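Report on the following structure.
The values are calculated or read from the model by the stated rules, or taken from the named source; none is laboratory data. What you are looking at is a predicted structure, and each value in this text was computed from that prediction instead of being measured. Virtual Cβ from ideal backbone geometry, glycine too; neighbours counted across all protein chains shown.
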Amino acid sequence: MSNRPTVKKDDWIKIGTSRIDALVMHTSEEHISVGYYQNHAKAIKEDVIWDGERWQFEHSGPSGSYLRGAEEAAVKRGPPY
């Protein structure tokens, strides 16, 4: 969408009405991929979209992949705020 906020790799954003903290991992014209900590147990990478008001997961069902290594560690550390 044209009113999508500008984000870049390594920015932290909030996802959905629950306002889940998510680390921007990749951006393109069509997609933004983020990493987030799911249920305080797993670091997940998943695509998100801007719905005109907030960031939402692109798919309503499970569609992410597990993060490992440095990406997993960055997501587990959480945002600097």
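For the stretch 39-72, filtered to residues that are at pLDDT below 90 and of a type in the set (S, T, N, Q), the residue that is nearest to K8 (Cα to Cα) is S63.
Look at the stretch 21-36: where a residue is surrounded by fewer than 18 Cβ atoms within 10 Å (Cβ to Cβ) and assigned to a loop (DSSP other than H, G, I, E, B), no partner that is at pLDDT 95 or above and of a type in the set (F, W, Y) sits 6+ places away or on another chain with Cβ atoms under 6 Å. Can you work out which of the residues in the stretch 21-38 that are over 15 Å from K9 (Cβ atoms) and modelled with pLDDT under 95 is nearest to the chain's Cα centre (by Cα)? This residue is Y37. The set of residues in the stretch 46-73 being more than 13 Å from the chain's Cα centre (by Cα), of a type in the set (D, E, K, R) and closer than 15 Å to N3 by Cα consists of D51, E53. Of the residues making up the stretch 39-81, those that are in contact with a Gly (Cβ under 8 Å, 6 or more places away or on another chain) and of a type outside the set (D, E, K, R) are A43, I44, W55, Q56, F57, L67, A74, V75.
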